[in-house]
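Data block below; observations after.
The values are calculated or read from the model by the stated rules, or taken from the named source; none is laboratory data. Just so it is clear, the model here is predicted, and its values are computed rather than measured. Glycine gets a Cβ as well: all are built from the backbone with ideal geometry, and neighbour counts include every protein chain shown. These accessible areas exclude ligands, DNA and RNA; they are computed on the full protein's heavy atoms, side chains included. Shrake-Rupley method; radii C 1.70, N 1.55, O 1.52, S 1.80 Å.
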Amino acid sequence: MASVPTKPSGPSKTGGPPRDSTKTSTAKTQVPRPNKIERPDVDEINRAAEGFLQIYYDRMDGGSRDANIVELYRESSVMIWNGETVNGAQKIKEFLATMPESKHEIQSWDCHPIP
């Protein structure tokens, strides 16, 4: 059996054109966000990221890179450099010791809190 569209109902209560009873409401519903992160938390995370970046690049650019940088990695750390995979803090230290000296200037960063 084919469905038959309903006829528009009478005029709206506001005196406007008739409402079509086949249309659904377009009102937006608020989706609950149980993991919403408050602004002070985002600010704190940005300060922590800035501090970490300063420490990391001070060590990366310092004359004793190979001695100090290893403290920022774990044995489970993985570094991928130009397609080459280096596993573990000690191997990363050895790899970075082969790299030429560098000087980084942090211009911006992007960090995201994980609820």
**Prompt:** Ser102: assigned to a loop (DSSP other than H, G, I, E, B), open to solvent by less than 100 Å² (accessible area, probe 1.4 Å) and either modelled with pLDDT of 90 or more or among the aromatic types (Phe, Trp, Tyr) (or both), yes or no?
**Reply:** no
**Message:** Looking for something modelled with pLDDT of 70 or more, exposed (fewer than 12 other Cβ atoms within 10 Å of the Cβ) and among the charged types (D, E, K, R) - is there at least one such residue anywhere in the stretch 48-55?
**Reply:** no
**Request:** Report yes if some residue within the stretch 74-94 is among the aromatic types (Phe, Trp, Tyr), in a loop (DSSP other than H, G, I, E, B) and modelled with pLDDT of 90 or more; otherwise report no.
**Result:** no
**Complete:** Result of the Cβ filter at 7 Å on the stretch 94-114, keeping first residues that are free of Cβ contacts under 8 Å to residues at least 60 places away in the same chain and partners that are surrounded by 11 or more Cβ atoms within 10 Å (Cβ to Cβ) and of a type in the set (Val, Ile, Thr), at least 6 apart or interchain, is Phe95/Val86; Leu96/Ile69
